[in-house]
């Protein structure tokens, strides 16, 4: 239930982000370097992620997924190209920017957060080992703590929609961290026989004599 709600929320935000980029690209010819840079960074990252999904789908011979990842990858790369062109046209605005810039860092943070969220969301339907849980927890726990601090600061300085939005993102990252913790405690049963888990030493007997043997448990 929780996973389904998370997936719906992420997909809704993903679709809204696309619609916002496309609408602005079609209706506004005067785009700033900040906007163009954000469009380039976000869509280049997502285009790379979708391309990786396309490669995996082709290898696994999943035709439907290949079309989905291919179409989304093409859309992201098209928007990234538009952002690169816009950034070039607005290159005169870049001269006063010093790194790191307070104007740039929020966009970079948003790109990293969205890419991280979509990555873990895309992996939810698969089986997850204990090592997967450790990685998911180690990545999302620090993000949850950081987002929680930003939420606190936002409500302390100026309570409003910004704090609510940051709180929602904190809960989302926290959900991934909790999911990772659950897989550390109870990883999914792997398909096939696990030599370390399913093969155990036993004592065998023919009714008269006893001796050491090997037992296999589980179902495959």
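The values are calculated or read from the model by the stated rules, or taken from the named source; none is laboratory data. Being a predicted model, the structure only gives us computed values, none of them experimental. Quick reminder, even Gly has a Cβ in these numbers, built from the backbone with ideal geometry, and neighbours come from all protein chains shown.
With out of contact with any strand residue (DSSP E or B) (no Cβ under 6 Å at 6 or more places or on another chain), farther than 26 Å from residue 173 by Cβ and modelled with pLDDT of 80 or more as the only criterion, which of 78, 119 stands out?
78
(1) touching a residue at least 40 places away in the same chain (Cβ under 8 Å); (2) within 25 Å of residue 126 (Cβ to Cβ): which one isn't true of residue 59, the others all being true?
(1)
Suppose we filter 143, 178, 134 for residues that are over 30 Å from residue 35 (Cα atoms), surrounded by 14 or more Cβ atoms within 10 Å (Cβ to Cβ) and without any contact (Cβ under 8 Å) to a residue 40 or more places away in the chain; which single one remains?
On the way: 143 fails: over 30 Å from residue 35 (Cα atoms); 134 fails: without any contact (Cβ under 8 Å) to a residue 40 or more places away in the chain.
Sole residue among the options that is over 30 Å from residue 35 (Cα atoms), surrounded by 14 or more Cβ atoms within 10 Å (Cβ to Cβ) and without any contact (Cβ under 8 Å) to a residue 40 or more places away in the chain: 178.
What's the number of the only condition in (1) part of a helix (DSSP H, G or I); (2) modelled with pLDDT of 80 or more; (3) within 21 Å of the chain's Cα centre (by Cα) that residue 84 fails to meet?
In the conditions (1) part of a helix (DSSP H, G or I); (2) modelled with pLDDT of 80 or more; (3) within 21 Å of the chain's Cα centre (by Cα), residue 84 misses (3) alone.
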